[in-house]
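Step one of this worksheet: look at the structure below.
Taken together, the values in this text are just the output of simple stated rules run on the coordinates, not laboratory data. If you're wondering where the values come from, they're calculated on a predicted model, not measured in any experiment. Here Cβ is always computed from backbone atoms with ideal geometry, including for glycine, and neighbour counts include all displayed protein chains.
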Amino acid sequence: MEFEKIKVANPTVEMDGDEMTRVFWKSIKDKLIFPFLDLDIKYFDLGLPHRDATNDKVTVEMQRQLLEPILCKNVPRLIPGWTKAICIGRHVSVININQLI
C-alpha cells in the first residue's frame, strides 16, 4: 500500500550519542518515521569520538539549532506568562546551559 508522506515544514534536530539507544533509534526511524514523514533533519553526532575529533565544535553547532523553540498551540501552558524555551532531553550534553537561556 502506497502512502503520501507528510511534509514536515520545519527542520528537525537529531542528536546521537554513544549508547546502544543509537541502534534502537535507527530502527525506529527506518520503520516508523522515514516511510511516513518527509523531514529535513539536522543531524549531530554527539558521540565522544566525534566530539573529540571536532574539538567539541559539533556541540556548539548543535546548540545553535536549538535556540528557536517549538510551540505547541494546542498544549496549554502550565505557567502563565512563561516566554522562554523549554528544552526536553534524556541527557544533557556538556555545554554551558546559560548560553541557551
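At R0 = 30 Å, how high is the FRET efficiency between residue 60 and residue 22 if r is their beta carbon distance? Nearest 0.05 is fine.
E(calc), rounded to 0.05, equals 0.90.
Could you rank the peptides 55-61, 4-10, 26-32, 42-48 by their average count of other C-beta atoms within 10 Å per residue, with the highest value first?
42-48, 55-61, 26-32, 4-10
How far is it, in nm, from the label point at residue 37 to the one at residue 79 when both lie 7 Å from their Cα along the line to the Cβ?
Computed distance between label sites residue 37 and residue 79 equals 2.6 nm.
Within the set of other residues whose C-beta is less than 15 Å from the C-beta of residue 45, count the net charge using Lys and Arg as +1 and Asp and Glu as -1.
That sum, taken over residues with Cβ under 15 Å, equals -1.
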